[in-house]
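To start, the structure itself, in structure tokens.
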Amino acid sequence: YIIFLTEREILYLLGLDYYQGSKKLLDCGPSIVVCKRGSEGSIVFTKAETIEMSAPKVQAVDATGAGDVYAAGFLAGLLVGAAIDECAFFATKVASLSVTGFGREKYPDVEYRYAHLRTKSRTLSTLD
């Protein structure tokens, strides 16, 4: 199982900071805990590793749905067999892209996924 939360949600649910809270959540059953940190990026926790992913600086105009886009990007990576760090990288890039337009104007589509998330080589191209 995977759980996606924000720093605020972790604090609200557990009364702990995102780092300690995410580690505690791993003990409750999920194999992956993702803490979404907005413009600060994300941190992905597993039993074996902790991956910090910074977000690129973009001109954000509407952050509505960015967390959902992040989760969709991460899951898309997992579904094609990408490594956890590649999933976090792709998720961060698509979420960052999504905030540069209003509403769903800049949400990535399936063609974007095919162009930037490779299924066999498990490598990601540079995302524009």
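The values are calculated or read from the model by the stated rules, or taken from the named source; none is laboratory data. In this text, all values refer to a predicted model and were calculated from it rather than measured experimentally. Note: ideal-geometry Cβ built from the backbone for every residue, glycine included; neighbour counts use all protein chains shown. To get the accessible areas, we keep the full protein, side chains included, count just its heavy atoms, and leave off ligands, DNA and RNA. Shrake-Rupley method; radii C 1.70, N 1.55, O 1.52, S 1.80 Å.
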key: 3J(HN,Hα) from dihedral phi, the range 65-72, Karplus parametrisation 6.51/-1.76/1.60, rounded to Hz, x for glycine, proline   = x, 4, x, 5, 5, 4, 4, 5
task = Using only protein heavy atoms and a 1.4 Å probe, report how much of SER22 is accessible, in Å² to the nearest 10.
result = 0 Å²
query = Using θ = phi - 60° and the Karplus form 6.51 cos²θ - 1.76 cosθ + 1.60, what ³J(HN,Hα) does each residue of the range 21-30 get, whole Hz, x for Gly and Pro?
reply = x, 5, 4, 5, 4, 4, 6, 8, x, x
query = With every protein chain kept in the model, how would you rank LYS47, LYS57 by accessible area, 1.4 Å probe, largest at the top?
reply = LYS57, LYS47
note = Non-local residues with an amide H under 5 Å from the amide H of THR6, with H modelled 1.01 Å from N and Pro and chain starts lacking one, are LYS36
query = Hey, rough spin-label estimate for VAL61 and ARG8, points 7 angstrom out along Cα→Cβ, what's it come to in nanometres?
reply = 2.4 nm
ask   = How far is it, in nm, from the label point at LEU16 to the one at ALA83 when both lie 7 Å from their Cα along the line to the Cβ?
value = 2.7 nm
Environment charge at TYR18 (Cβ cut-off 13 Å; Lys +1, Arg +1, Asp -1, Glu -1) = 0
query = Got a sec to turn the phi values of the range 81-87 into Karplus ³J(HN,Hα) couplings, 6.51 cos²θ - 1.76 cosθ + 1.60 with θ = phi - 60°, whole Hz, x for Gly and Pro?
reply = x, 6, 5, 4, 5, 5, 4
message = Rolling a 1.4 angstrom probe over the protein chains, ignoring ligands and nucleic acids, what is the accessible area of TYR18 in square angstrom, nearest 10?
response = 50 Å²
key: Relative frequency of Cα-Cα separations exceeding 14 Å in the range 1-63, percent   = 54 percent
